Amino acid sequence: VVLQAVFNLLIPDHAADAFSPPRPGPGSRWDALVERLLGGLGRWDGEHFLFIAERGYLLEHNCAFLPLFPLGLRALAALLPWPAELQPRSRLLLSAALLNALLSALAAAALLALGRAVLRRPRQAFLAALLFSVSPAGVFLAAAYSESAFALLAFGAMWQLERGHGCRSGLLFSLASGARANGVLNAGFFLYSRGRRFALQLQEGSAARGKLPALWKRVLGLASSAALTCAGIFLPFALFQYYAYVRFCGPGTGLAQAIPEPLLQLARDKGYRVAGVGGDKPPWCSQRFPVVYSYIQDTYWNVGFLRYFELRQIPNFLLALPVTLLSSWAAWTYVSANPRHCLTLGLERSKSEERGKARDGFCGPAAFVYVVHATALLVFGFFCMHVQVLTRFLGCSSPILYWFPAHLLQEHEPLLWSTGTDNPASGKPLLGKSPSSCGKGTSDNPIVRLLLNWRVMTPLSKSILGFFLGYWLLGLILHCNFLPWT
């Protein structure tokens, strides 16, 4: 937050062709101070979220942004006792900074709990959570974006599913689909969990099968449970599509009379469709399944299969190259370590699992569904989306972006092998090692230790931390000044 204020002050804003609604005249000195300190958190899509939180879904293309996060901002801005009179935008900016500071910290805690449950290596899970705290998508976890909320809900739902709490998991997955559209894909976790449990039950001995209900009853129960849960996960997204249909496809309500003239003029200049204003119905209203989200992505932002594959987009592909290579490497590493497990989709109980000695860590069988999920998001994002958003798309949706680098660091970095205070490479004292009074080094932060010993790190560790910290810093510099970091 401090750095974005500094960069926003030192670097002039770029005149980007982005949504920039007209603002009221100058407010109090407190409004000017809030804008100076936190204005960098309201760039790019942040403008949409702040606008929706203040005025609702007045413009058609605002419907690409789902309502959970704007509702949270609006509620927090209304509930907090403000010590000074502030304009709505200033209150919402402060609310966004406070809310996302809390949500991103809770998301790191949820990732830590999920990592302990899946990886069963506490130190690796802790290292992954620390990497999340310096995520290459860090600016989006702090800005007025829905990434922090989605990461918390998604990671929390995955953790509850790993613990066997299906109802809690379904509720959190459902809320996540009200924050970001790709939340509906998380239904795959629930389907896979139920399907794998059923497949493993069928592989048990005949004596065990005799104690279970009739096969058809089990299949029917599994199918009905999965259908209800998936319907619940899809429900927030579907309800919002219906809300948009009623708002933009129904008869005009004269709402334009309550909209400031500068905003109406902006809509006329930019070709934005305004809710409640008479005129031709949008084309998507007459579709068999009127989904405003896909229409906006197609019409306003030209999102579609291979549409971004143009020579002028090469810089954006270069921006997405590190996360693409890292995610692809993660998938290859997992498949190479578990070829049979991947071919059987993890539905066959291995001998090591039967003996209760299944492999732990990133290459363990429990990580299979997360690798599949990350790979599916990578392929879809690379070929069908604006490729520069891949870093934040994966950074807030998949734990693999943090588990795999943590795995690489633990496997290949000697500085993390040492449990004492000496540098295993040079025999010199190891900086950043702070043993506790119990002599177990519980206060040690491995990321800090690596940074303090940067010169003796392996090239692989430098590359990983360079990517995380470099994108973390570059995102602050570019995004907060309307430069191309969206």
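The values are calculated or read from the model by the stated rules, or taken from the named source; none is laboratory data. All of these numbers come straight from a predicted model, not from anything done at the bench. FYI the Cβ positions are ideal-geometry reconstructions off the backbone, even for glycines, and counts take in every protein chain you see. All accessible areas refer to the heavy atoms of the entire protein, side chains included, with ligands and DNA or RNA removed. Shrake-Rupley method; radii C 1.70, N 1.55, O 1.52, S 1.80 Å.
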Qualifying position, being at pLDDT 90 or above, over 17 Å from Gln241 (Cβ atoms) and of a type outside the set (Ser, Thr, Tyr), among Phe65, Phe69: Phe69
Pick from segment 268-300, criterion among the charged types (D, E, K, R) and not in a helix (DSSP H, G or I), ranking: least open to solvent (accessible area, probe 1.4 Å): Arg273
Pair list, Cβ under 7 Å, 6 or more apart: segment 111-126 residue over 11 Å from Tyr402 (Cβ atoms) and among the charged types (D, E, K, R), other residue part of a helix (DSSP H, G or I) and open to solvent by 10 Å² or more (accessible area, probe 1.4 Å): Arg116/Pro122
Filtered residues of segment 256-267 (kept if aliphatic (A, V, I, L, M) and either within 25 Å of Phe237 (Cβ to Cβ) or open to solvent by 70 Å² or more (accessible area, probe 1.4 Å) (or both)): Ala258
Members of segment 267-303 found to be at negative phi, touching a residue at least 24 places away in the same chain (Cβ under 8 Å) and small (Gly, Ala, Ser), listed by number: Ala267, Ala275, Gly278
Filter pass, Leu127 being part of a helix (DSSP H, G or I) and open to solvent by less than 10 Å² (accessible area, probe 1.4 Å): yes
Of all residues making up segment 89-101, the number that are touching a residue at least 60 places away in the same chain (Cβ under 8 Å), of a type in the set (A, V, I, L, M) and open to solvent by less than 50 Å² (accessible area, probe 1.4 Å): 2
Helices (runs of 4 or more DSSP H) within segment 1-88 that include 1 or more residues loosely packed, with under 13 Cβ neighbours inside 10 Å: 2-10, 29-38, 68-79
Search result, residues across segment 319-360 that are among the small types (Gly, Ala, Ser) and either open to solvent by 30 Å² or more (accessible area, probe 1.4 Å) or at pLDDT 90 or above (or both): Ala320, Ser327, Ser328, Ala330, Ala331, Ser336, Ala337, Ser350, Ser352, Gly356
